[in-house]
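K.L.:
Just passing along the structure, written as structure tokens.
The values are calculated or read from the model by the stated rules, or taken from the named source; none is laboratory data. Every value quoted in this text rests on a predicted model; they were computed, and no experiment measured them. Cβ coordinates were reconstructed from backbone atoms using ideal geometry, including for glycine residues, and neighbour counts include every protein chain displayed. For the accessible areas, the whole protein counts, side chains as well, though only heavy atoms, and no ligand, DNA or RNA atoms are used. Shrake-Rupley method; radii C 1.70, N 1.55, O 1.52, S 1.80 Å.
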Amino acid sequence: MTYPRLNIELEPIRQNMTKILSTCRQWGIEPVAVTKVYRAHPDIVQMLLELGYTKLGDSRVDNLKRLEGMDVEKLLIRIPMPSEVAQLVEYATSSLISSIYTAKLIDREARNQKKKFKLTLMYDIGDLREGIYGVENLCKIAEEINALKNVELCGIGTNMSCMNGILPSKENIMEFLEAKKSVENCFGTKLDIASAGNTDVFAFLLKNGMIEGISELRIGEGMIMGTDGGEGVIEMLNQDAVTLEAQIVEIYDKPSKPKGVAGVNPFGEKIEQGADKGMRRRAIVALGRQDIHFMHLIACDKNIVPIGQSSDHTVLDVSDCDKKYRDGDILKFRVKYGAILSGFTSDYVYKNIIR
Ligand SMILES: *Cc1c(COP(=O)(O)O)cnc(C)c1O
């Protein structure tokens, strides 16, 4: 057995994908399945194709490359780097965009590659990450993009709950849809796409009802975790499809208080020394920041208390556990979003696909 390992159960993920697809289609929404958190892992992508998803999205062109040859729309959901425009046009069919500079580069590249490339212009409704701020600016840039010959402005998009955790509300979704209408009024034509956001917006619509006019959602977290941004559980979906296991490499009784003068650790952190609890049983698991940051993990044994983590070691207080852990034992953890993201990204974490 290889550790640390992510255990990835496909069946609950497939069920989540099925429910999300059918719910969205009932609303008249075509979801973009966002694959970035699992780096477009082929076994997971395969399920999306089998279920009939027509749009896949990823934030990395490198991940979109893994979808080569698949007959689906491939959307870059990060605004592109000017330096990756050639690869973008080669491996994607569409992209989110906010910069007219980059849009012109894409237009030129699309002409070179004899392709028509689709763009969704991002509008910032207040989360203050990417997007055009203000409706007037939005209309102006939309018109500039619309004048380009080799790209097609197919809609307006927005983002919530990412940078500042601004939550979806009836007000900000309506504001977004109004902004899209303003652009349509400038042009005198309708735009196909109103891409209203991520899993959080899906969860919001489940609770509060569909808002007419949304035509697309970009959904990642909900499919694999069954939660939305605040780790709020989405009742109809499965949670815990992905877990992590790591192996104990040392277990000893040691004092709870370090000995000597404390400076900062290699990560520039000054560690707060708690009360002296005397001798404690401390387990080290072979899992470090080069794998997954421990703040993204929750030990399944509720009596385990995390103490600290360096590049390659995680130290846990196991004194209060009923089970008497020993060297070589495997500890199991529930994973937060950040753990799935870095677990799939780290070469050192084994991906155990369970069918
Ligand atoms: C990651 C991302 C999404 C998907 O977000 P989830 O919370 O995983 O559903 C949607 N849109 C953009 C622009 C993203 O970066």
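K.L.:
How big is the gap, in Å, between the Cα center of the range 13-69 and the Cα center of the range 149-214?
P.N.:
Using only Cα atoms to place each centre, the spacing works out to 20 Å.
K.L.:
If you don't mind, another one. In nm, what is the difference between 0.36 nm times the number of residues separating Tyr350 and Glu272 and their Cα-Cα distance? Write out the running numbers ahead of the final one.
P.N.:
Details: separation 78, 0.36 × 78 = 28.08 nm, distance 3.27 nm.
In short, 24.8 nm is gained.
K.L.:
Rolling a 1.4 angstrom probe over the protein heavy atoms, how many square angstrom per residue are accessible across the range 9-225?
P.N.:
43
K.L.:
Under a 10 Å cutoff between Cα atoms, tell me which one of Leu56, Leu191, Leu96 has the largest fluctuation in the Gaussian network model of the chain.
P.N.:
Leu191
K.L.:
State to the nearest 20 debye the size of the charge dipole of the range 11-143 about its Cα centre, where the only charges are +1 on K and R beta carbons and -1 on D and E beta carbons. Walk me through the numbers on the way to the answer.
P.N.:
On the way: 20 positive and 18 negative charges, 43 e Å.
Computed charge dipole of the range 11-143: roughly 200 debye.
K.L.:
Label 7 Å along Cα→Cβ of Arg326; the range 219-258 residues with amide nitrogen under 19 Å?
P.N.:
246-253
K.L.:
Next up: Tell me which of Leu105, Val37, Tyr133 sits at the most positive position along the dipole axis of the range 9-225, charges placed on C-beta atoms (Lys, Arg +1; Asp, Glu -1).
P.N.:
Of Leu105, Val37, Tyr133, it is Leu105.
K.L.:
Can you list, largest first and rounded to whole Å, the semi-axes you get for the chain by taking the square root of 5 times each eigenvalue of its Cα gyration tensor?
P.N.:
Working: eigenvalues 370, 89, 82 Å².
Calculated on Cα positions only, the semi-axes equal 43, 21, 20 Å.
K.L.:
So, with a 1.4 angstrom probe, what is the percent of accessible area on the range 197-246 that is carbon and sulfur? Numbers along the way, then the final one.
P.N.:
Values: 730 of 1660 Å².
Carbon and sulfur together cover 44 percent of it.
K.L.:
Picking from Gly278, Gly343, Phe267, whose Cα lies most toward the positive end of the charge dipole for the range 243-354 (charges on Cβ: Lys, Arg +1; Asp, Glu -1)?
P.N.:
Of Gly278, Gly343, Phe267, it is Gly278.
K.L.:
Continuing with the same structure: What shape does the range 191-283 take by its C-alpha gyration tensor, where a ≥ b ≥ c are the square roots of the eigenvalues and a/c under 1.5 counts as rounded, a/b above b/c as prolate, and the rest as oblate?
P.N.:
It comes out prolate by the Cα gyration axes.
K.L.:
While we're here: So what is log10(I(q)/I(0)) for the range 122-249 at q = 0.14, 0.16, 0.21 1/Å, when the Debye sum runs over its Cα atoms only?
P.N.:
These q points yield log10 I(q)/I(0) values of -0.66, -0.80, -1.18.
K.L.:
Okay, next question. So what J values fall out for the range 169-183 if you push phi through Karplus, 6.51 cos²θ - 1.76 cosθ + 1.60 with θ = phi - 60°, rounded to Hz, Gly and Pro as x?
P.N.:
Listing the rounded values in order: 8, 3, 5, 6, 5, 5, 4, 4, 5, 5, 4, 4, 4, 4, 5 Hz.
K.L.:
Out of all Cα-Cα pairs in the range 34-117, roughly what percent, to the nearest whole number, are more than 22 Å apart? Please report the intermediate quantities before stating the final value.
P.N.:
Details: 772 of 3486 pairs.
Beyond 22 Å sits 22 percent of the P(r) for the range 34-117.
K.L.:
Could you give the distance between the Cα centres of the range 283-355 and the range 78-136, to the whole Å?
P.N.:
The range 283-355 and the range 78-136 have Cα centres spaced 39 Å from each other.
K.L.:
I would also like to ask the following. Kindly state, to the nearest 0.05, the FRET efficiency for Ala86 paired with Asp301, given R0 = 30 Å and r defined as their beta-carbon distance. Don't jump to the answer; show the numbers that get you there.
P.N.:
Working: r = 50 Å, r/R0 = 1.67.
That pair, Ala86 with Asp301, gives E of 0.05.
K.L.:
For the range 243-354, what number results from the quotient of the Cα radius of gyration and 2.2 N^0.38 Å? If you can, show how the numbers build up before the last one.
P.N.:
Values: Rg = 14.4 Å, N = 112, 2.2 N^0.38 = 13.2 Å.
So the range 243-354 has a normalised radius of gyration of 1.09.
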